[in-house]
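Asks: Take a look at this one; I'll ask things after.
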Amino acid sequence: MYSQSPPAARSNRPWVLALIIVTALAAIAVLVVAAMQPGRVVAGNALPADQYGPQDTATHTPSTTTTTTTAAKAVIPAVTPGWQTAYSVSRSAAYDVPADWKVPSPTTIVGFEGNGLRAVMSGASNFNEKACGDYSPRAIAGITGSKIADLAGAARDVADTWSKAATADSGNSNSTITLSAAETLTIQGRAAAHVTATITNQGPVDCKNTPSAVLHAVALTDKIGQAVVMVIYADQGVADAATADTMRKMYTTVRPANLAQADCKQDNVVVGTWC
(Lines give C-alpha, C1' and ligand atoms only; values in the text may rest on other atoms or scores of the structure.)
Protein backbone atom coordinates (compact mmCIF):
# COMPACT_ATOMS: atom_id res chain seq x y z
CA MET A 1 0.00 0.00 0.00
CA TYR A 2 1.26 3.45 -0.92
CA SER A 3 0.29 6.44 1.21
CA GLN A 4 1.52 10.02 1.03
CA SER A 5 1.66 11.27 4.61
CA PRO A 6 0.35 14.75 5.44
CA PRO A 7 2.94 17.39 6.35
CA ALA A 8 2.84 19.70 9.34
CA ALA A 9 -0.03 22.18 9.58
CA ARG A 10 0.23 25.36 7.55
CA SER A 11 -1.89 28.44 7.01
CA ASN A 12 -2.32 29.50 3.40
CA ARG A 13 -1.04 26.91 1.03
CA PRO A 14 -2.90 24.93 -1.63
CA TRP A 15 -3.89 21.52 -0.40
CA VAL A 16 -3.26 18.38 -2.34
CA LEU A 17 -5.70 15.50 -2.43
CA ALA A 18 -3.44 12.44 -2.73
CA LEU A 19 -4.67 9.17 -4.22
CA ILE A 20 -3.95 6.18 -1.96
CA ILE A 21 -3.89 3.05 -4.09
CA VAL A 22 -4.57 -0.16 -2.21
CA THR A 23 -3.85 -3.35 -4.17
CA ALA A 24 -5.72 -6.36 -2.81
CA LEU A 25 -5.41 -9.97 -4.00
CA ALA A 26 -8.09 -9.21 -6.54
CA ALA A 27 -5.95 -6.31 -7.78
CA ILE A 28 -8.68 -3.73 -7.15
CA ALA A 29 -7.36 -0.19 -6.91
CA VAL A 30 -9.25 1.85 -4.32
CA LEU A 31 -8.91 5.61 -4.60
CA VAL A 32 -9.15 7.63 -1.40
CA VAL A 33 -9.01 11.40 -0.99
CA ALA A 34 -6.73 12.82 1.67
CA ALA A 35 -5.85 16.45 2.13
CA MET A 36 -2.19 17.30 2.53
CA GLN A 37 -2.42 18.77 5.99
CA PRO A 38 -3.83 17.56 9.33
CA GLY A 39 -7.53 18.22 9.81
CA ARG A 40 -8.13 18.65 6.08
CA VAL A 41 -9.67 15.34 5.01
CA VAL A 42 -12.28 15.43 2.31
CA ALA A 43 -14.43 12.30 2.17
CA GLY A 44 -15.09 10.72 -1.18
CA ASN A 45 -13.43 9.81 -4.43
CA ALA A 46 -10.98 12.37 -5.82
CA LEU A 47 -11.63 12.21 -9.53
CA PRO A 48 -15.43 12.56 -9.45
CA ALA A 49 -15.00 15.75 -7.39
CA ASP A 50 -12.69 17.09 -10.08
CA GLN A 51 -14.95 15.88 -12.88
CA TYR A 52 -17.94 17.75 -11.55
CA GLY A 53 -15.87 20.91 -11.30
CA PRO A 54 -16.44 23.91 -9.01
CA GLN A 55 -19.45 24.99 -11.07
CA ASP A 56 -21.24 21.71 -10.27
CA THR A 57 -20.78 21.45 -6.52
CA ALA A 58 -24.16 22.98 -5.76
CA THR A 59 -26.05 20.25 -7.63
CA HIS A 60 -23.73 17.23 -7.65
CA THR A 61 -22.29 15.59 -4.56
CA PRO A 62 -18.91 13.94 -5.20
CA SER A 63 -19.17 10.17 -5.28
CA THR A 64 -18.07 8.30 -2.17
CA THR A 65 -17.83 4.92 -3.88
CA THR A 66 -14.55 3.24 -4.65
CA THR A 67 -13.23 3.11 -8.19
CA THR A 68 -11.45 0.32 -10.02
CA THR A 69 -9.10 2.11 -12.36
CA THR A 70 -5.49 2.65 -13.22
CA ALA A 71 -4.12 5.98 -14.39
CA ALA A 72 -3.16 6.13 -18.03
CA LYS A 73 0.56 5.86 -18.71
CA ALA A 74 0.65 8.06 -21.77
CA VAL A 75 3.79 9.39 -23.38
CA ILE A 76 2.97 12.92 -24.48
CA PRO A 77 5.89 14.89 -25.92
CA ALA A 78 6.35 18.48 -24.85
CA VAL A 79 5.99 21.19 -27.48
CA THR A 80 8.48 23.39 -25.59
CA PRO A 81 12.12 22.28 -25.94
CA GLY A 82 13.60 21.15 -22.64
CA TRP A 83 10.26 21.14 -20.81
CA GLN A 84 8.07 18.25 -19.60
CA THR A 85 4.36 17.48 -19.96
CA ALA A 86 1.57 17.28 -17.38
CA TYR A 87 -1.83 15.92 -18.34
CA SER A 88 -5.30 15.14 -16.98
CA VAL A 89 -6.82 11.71 -17.62
CA SER A 90 -10.37 12.95 -16.94
CA ARG A 91 -10.14 15.70 -19.56
CA SER A 92 -7.48 14.35 -21.98
CA ALA A 93 -5.77 17.73 -21.71
CA ALA A 94 -2.03 18.38 -21.59
CA TYR A 95 0.29 21.31 -21.04
CA ASP A 96 4.03 21.87 -20.69
CA VAL A 97 5.93 22.84 -17.55
CA PRO A 98 9.60 23.74 -17.01
CA ALA A 99 12.05 21.02 -16.05
CA ASP A 100 12.28 22.33 -12.45
CA TRP A 101 8.55 21.90 -11.84
CA LYS A 102 7.28 18.68 -10.26
CA VAL A 103 4.74 16.58 -12.18
CA PRO A 104 3.06 13.90 -10.01
CA SER A 105 0.56 11.29 -11.19
CA PRO A 106 -1.97 12.71 -13.70
CA THR A 107 -4.76 11.76 -11.28
CA THR A 108 -3.32 13.85 -8.43
CA ILE A 109 -5.83 16.46 -7.28
CA VAL A 110 -4.82 19.93 -6.13
CA GLY A 111 -6.85 22.98 -5.17
CA PHE A 112 -8.24 25.11 -2.40
CA GLU A 113 -10.91 24.76 0.28
CA GLY A 114 -12.26 27.10 2.94
CA ASN A 115 -15.46 28.73 4.20
CA GLY A 116 -17.59 26.25 2.28
CA LEU A 117 -15.76 26.87 -1.01
CA ARG A 118 -13.89 24.15 -2.88
CA ALA A 119 -12.04 24.30 -6.20
CA VAL A 120 -10.02 21.32 -7.44
CA MET A 121 -8.26 20.18 -10.60
CA SER A 122 -6.32 17.21 -11.93
CA GLY A 123 -3.34 16.95 -14.25
CA ALA A 124 -1.44 18.74 -11.52
CA SER A 125 2.06 20.20 -11.36
CA ASN A 126 3.82 22.42 -8.85
CA PHE A 127 6.86 24.63 -8.44
CA ASN A 128 9.21 24.72 -5.43
CA GLU A 129 6.85 22.71 -3.26
CA LYS A 130 8.93 23.12 -0.08
CA ALA A 131 9.52 26.84 -0.39
CA CYS A 132 8.74 27.35 3.29
CA GLY A 133 10.09 24.10 4.65
CA ASP A 134 7.03 21.89 4.37
CA TYR A 135 4.46 21.39 1.61
CA SER A 136 4.06 25.00 0.52
CA PRO A 137 4.53 25.25 -3.26
CA ARG A 138 5.20 28.63 -4.80
CA ALA A 139 2.88 27.70 -7.66
CA ILE A 140 0.42 25.02 -8.72
CA ALA A 141 -1.16 24.30 -12.10
CA GLY A 142 -3.71 21.88 -13.50
CA ILE A 143 -6.84 21.36 -15.57
CA THR A 144 -10.46 21.90 -14.59
CA GLY A 145 -13.62 22.65 -16.58
CA SER A 146 -16.63 24.91 -16.95
CA LYS A 147 -20.17 24.42 -18.25
CA ILE A 148 -20.07 27.93 -19.72
CA ALA A 149 -19.67 27.73 -23.49
CA ASP A 150 -18.58 31.36 -23.92
CA LEU A 151 -14.81 31.21 -23.44
CA ALA A 152 -14.44 34.67 -21.92
CA GLY A 153 -17.29 33.90 -19.51
CA ALA A 154 -15.80 30.52 -18.61
CA ALA A 155 -12.34 31.96 -17.94
CA ARG A 156 -13.77 34.78 -15.84
CA ASP A 157 -16.03 32.44 -13.85
CA VAL A 158 -13.19 30.03 -13.06
CA ALA A 159 -10.82 32.88 -12.17
CA ASP A 160 -13.44 34.32 -9.83
CA THR A 161 -14.29 30.95 -8.23
CA TRP A 162 -10.68 29.91 -7.76
CA SER A 163 -9.40 33.22 -6.44
CA LYS A 164 -12.19 33.31 -3.85
CA ALA A 165 -11.45 29.73 -2.81
CA ALA A 166 -7.73 30.53 -2.57
CA THR A 167 -8.43 33.53 -0.37
CA ALA A 168 -10.75 31.48 1.83
CA ASP A 169 -8.13 28.73 2.10
CA SER A 170 -5.48 31.24 3.17
CA GLY A 171 -7.59 32.61 6.01
CA ASN A 172 -6.75 36.16 4.95
CA SER A 173 -10.29 37.47 4.68
CA ASN A 174 -9.06 41.02 4.10
CA SER A 175 -7.26 40.12 0.87
CA THR A 176 -8.52 41.91 -2.22
CA ILE A 177 -9.18 40.28 -5.61
CA THR A 178 -9.03 42.07 -8.95
CA LEU A 179 -10.08 40.36 -12.19
CA SER A 180 -8.70 41.45 -15.55
CA ALA A 181 -10.67 41.82 -18.74
CA ALA A 182 -10.70 38.69 -20.89
CA GLU A 183 -7.82 38.39 -23.35
CA THR A 184 -8.58 36.60 -26.63
CA LEU A 185 -5.86 34.17 -27.69
CA THR A 186 -5.12 31.41 -30.16
CA ILE A 187 -3.42 28.54 -28.33
CA GLN A 188 -2.02 25.61 -30.28
CA GLY A 189 -4.39 26.48 -33.12
CA ARG A 190 -7.48 26.78 -30.91
CA ALA A 191 -9.46 29.83 -29.84
CA ALA A 192 -8.98 30.62 -26.14
CA ALA A 193 -9.75 33.26 -23.52
CA HIS A 194 -7.50 34.27 -20.64
CA VAL A 195 -8.48 36.03 -17.40
CA THR A 196 -6.08 36.95 -14.60
CA ALA A 197 -7.04 37.32 -10.94
CA THR A 198 -4.66 39.38 -8.81
CA ILE A 199 -4.88 38.69 -5.08
CA THR A 200 -3.40 41.31 -2.76
CA ASN A 201 -2.66 40.32 0.82
CA GLN A 202 -3.34 43.17 3.23
CA GLY A 203 -1.24 41.44 5.90
CA PRO A 204 0.35 39.91 7.83
CA VAL A 205 3.07 38.91 5.34
CA ASP A 206 5.45 35.98 5.81
CA CYS A 207 6.91 33.10 3.79
CA LYS A 208 3.54 31.42 3.32
CA ASN A 209 1.46 34.58 3.31
CA THR A 210 3.14 36.42 0.45
CA PRO A 211 2.36 40.04 -0.45
CA SER A 212 0.34 38.97 -3.46
CA ALA A 213 -0.59 36.09 -5.73
CA VAL A 214 -1.74 35.71 -9.30
CA LEU A 215 -4.18 33.24 -10.81
CA HIS A 216 -4.45 32.56 -14.53
CA ALA A 217 -7.55 30.90 -16.02
CA VAL A 218 -7.37 29.92 -19.70
CA ALA A 219 -10.49 28.46 -21.33
CA LEU A 220 -10.73 26.49 -24.58
CA THR A 221 -13.77 24.87 -26.17
CA ASP A 222 -14.10 21.15 -25.44
CA LYS A 223 -15.84 18.40 -27.43
CA ILE A 224 -19.37 18.96 -26.12
CA GLY A 225 -19.82 22.72 -26.07
CA GLN A 226 -18.35 23.33 -22.62
CA ALA A 227 -14.84 24.52 -21.74
CA VAL A 228 -11.57 22.92 -20.69
CA VAL A 229 -9.86 25.39 -18.35
CA MET A 230 -6.21 25.49 -17.28
CA VAL A 231 -5.49 27.17 -13.96
CA ILE A 232 -2.15 28.44 -12.65
CA TYR A 233 -1.92 29.90 -9.14
CA ALA A 234 1.38 31.46 -8.05
CA ASP A 235 2.73 33.42 -5.09
CA GLN A 236 4.12 36.82 -6.04
CA GLY A 237 6.22 39.46 -4.32
CA VAL A 238 8.94 37.00 -3.29
CA ALA A 239 12.35 36.29 -4.79
CA ASP A 240 11.54 32.70 -5.79
CA ALA A 241 8.17 33.41 -7.43
CA ALA A 242 7.24 31.88 -10.78
CA THR A 243 7.67 34.56 -13.42
CA ALA A 244 4.97 35.98 -15.68
CA ASP A 245 6.95 34.85 -18.72
CA THR A 246 7.16 31.26 -17.47
CA MET A 247 3.45 31.09 -16.71
CA ARG A 248 2.50 32.53 -20.09
CA LYS A 249 4.68 29.98 -21.83
CA MET A 250 2.91 27.28 -19.81
CA TYR A 251 -0.68 28.24 -20.53
CA THR A 252 0.00 28.77 -24.21
CA THR A 253 0.81 25.04 -24.51
CA VAL A 254 -2.64 23.75 -23.40
CA ARG A 255 -3.84 21.17 -25.91
CA PRO A 256 -5.70 17.86 -26.21
CA ALA A 257 -3.66 14.96 -24.84
CA ASN A 258 -5.26 12.67 -27.43
CA LEU A 259 -5.59 9.82 -24.95
CA ALA A 260 -7.19 6.62 -26.18
CA GLN A 261 -10.79 6.38 -24.99
CA ALA A 262 -9.87 3.42 -22.80
CA ASP A 263 -7.31 5.61 -21.00
CA CYS A 264 -9.76 8.40 -20.20
CA LYS A 265 -10.96 8.37 -16.58
CA GLN A 266 -14.73 8.87 -16.94
CA ASP A 267 -16.57 7.56 -13.84
CA ASN A 268 -19.09 10.39 -13.93
CA VAL A 269 -20.21 13.14 -16.27
CA VAL A 270 -17.16 15.35 -16.78
CA VAL A 271 -17.41 19.13 -16.99
CA GLY A 272 -15.16 20.21 -19.86
CA THR A 273 -13.26 17.40 -21.55
CA TRP A 274 -11.48 16.35 -24.73
CA CYS A 275 -12.01 12.67 -23.97
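The values are calculated or read from the model by the stated rules, or taken from the named source; none is laboratory data. Since this is a predicted model, take the numbers as computed values, not measurements. Reconstructed Cβ throughout: ideal geometry from the backbone, glycine too, with neighbour counts over all protein chains shown. Accessible surface is based on the protein model in full, side chains and every heavy atom, while ligands, DNA and RNA are left aside. Shrake-Rupley method; radii C 1.70, N 1.55, O 1.52, S 1.80 Å.
Asks: Long-range amide H contacts for Gln84: which residues qualify at under 5 Å (H placed 1.01 Å from N, peptide plane, sequence gap of 5 or more or a different chain)?
Replies: Close amide H contacts, sequence-distant or interchain: Val97, Ala99.
Asks: With labels modelled as points extended 7 Å from the Cα through the Cβ direction, what inter-label distance (nm, one decimal) is found for Val103 paired with Ile224?
Replies: So the label points at Val103 and Ile224 sit 2.7 nm apart.
Asks: Got a sec to turn the phi values of segment 135-145 into Karplus ³J(HN,Hα) couplings, 6.51 cos²θ - 1.76 cosθ + 1.60 with θ = phi - 60°, whole Hz, x for Gly and Pro?
Replies: After applying 6.51 cos²θ - 1.76 cosθ + 1.60, I find 6, 8, x, 6, 7, 10, 8, x, 10, 10, x Hz.
Asks: Report the calculated FRET efficiency for Cys207 and Lys147 (r = Cβ-Cβ distance, R0 = 45 Å), to the nearest 0.05. Mind showing how you got there, number by number?
Replies: Numbers: r = 37 Å, r/R0 = 0.83.
Efficiency computed from Cβ-Cβ geometry: 0.75.
Asks: Tell me the per residue accessible area of segment 119-161 using a 1.4 Å probe; a whole number in Å² is fine. Each step should come with its number before you reach the end.
Replies: Working: 1130 Å² over 43 residues.
Value for segment 119-161: 26 Å² per residue.
Asks: Turning to a different aspect of this structure: What are the ³J(HN,Hα) couplings of segment 119-127, residue after residue, when phi is run through the Karplus curve with 6.51, -1.76, 1.60 and θ = phi - 60°? Round to Hz, x for glycine and proline.
Replies: Calculated HN-Hα couplings, in order: 9, 9, 8, 10, x, 7, 8, 8, 10 Hz.
Asks: For an R0 of 22 angstrom, estimate the FRET efficiency from the Cβ-Cβ distance between Thr178 and Ala244 and round to the nearest 0.05.
Replies: On the way: r = 16 Å, r/R0 = 0.71.
Given R0 = 22 Å and the Cβ-Cβ separation, E is 0.90.
Asks: Step through the residues of segment 146-157 one at a time and calculate ³J(HN,Hα) from phi using the Karplus curve (6.51 cos²θ - 1.76 cosθ + 1.60, θ = phi - 60°), rounding each to whole Hz and writing x for Gly and Pro.
Replies: 9, 6, 6, 6, 5, 5, 5, x, 5, 5, 5, 5
Asks: For q = 0.12, 0.15, 0.21, 0.24 Å⁻¹, what log10 I(q)/I(0) does segment 113-217 give under the Debye formula with an equal point scatterer on each alpha carbon and no solvent?
Replies: -0.44, -0.68, -1.23, -1.45
Asks: Please give the length that would be gained between Thr198 and Gln261 if that part of the chain were fully extended, namely 0.36 nm times their separation in residues minus their C-alpha to C-alpha distance (nm, one decimal).
Replies: Fully extending the segment from Thr198 to Gln261 adds 19.0 nm.
Asks: Cross-link partners among lysines for Lys130, C-alpha distance below 21 Å, same-chain residues fewer than 8 apart left out?
Replies: Lys102, Lys208
Asks: Could you look at segment 233-275 and say what percent of its accessible area is carbon and sulfur, using a 1.4 Å probe and all protein chains? Walk me through the numbers on the way to the answer.
Replies: Values: 900 of 1840 Å².
Roughly 49 percent of what the probe reaches on segment 233-275 is carbon or sulfur.
Asks: Sort 178-185, 244-251, 216-223 by the packing proxy (mean of other Cβ within 10 Å over each peptide's residues), most packed first. Intermediate values should be presented prior to the final figure.
Replies: Values: 178-185: 14.2, 244-251: 16.6, 216-223: 25.0.
Sorting 178-185, 244-251, 216-223 by mean packing, highest first, produces 216-223, 244-251, 178-185.
Asks: Rounded if a/c is under 1.5, else prolate if a/b is larger than b/c, else oblate: which is segment 219-275, with a ≥ b ≥ c the root eigenvalues of its Cα gyration tensor? It would help to have the intermediate numbers written out before the result.
Replies: Details: a/c = 2.59, a/b = 2.55, b/c = 1.01.
Since a/c reaches 1.5 and a/b is larger than b/c, the shape of segment 219-275 is classed as prolate.
Asks: Taking H placed 1.01 Å from N in the peptide plane, check which residues at least 5 places from Gly145 or on another chain put their amide H under 5 Å from its amide H.
Replies: So Gly145 has HN proximity to Val229.
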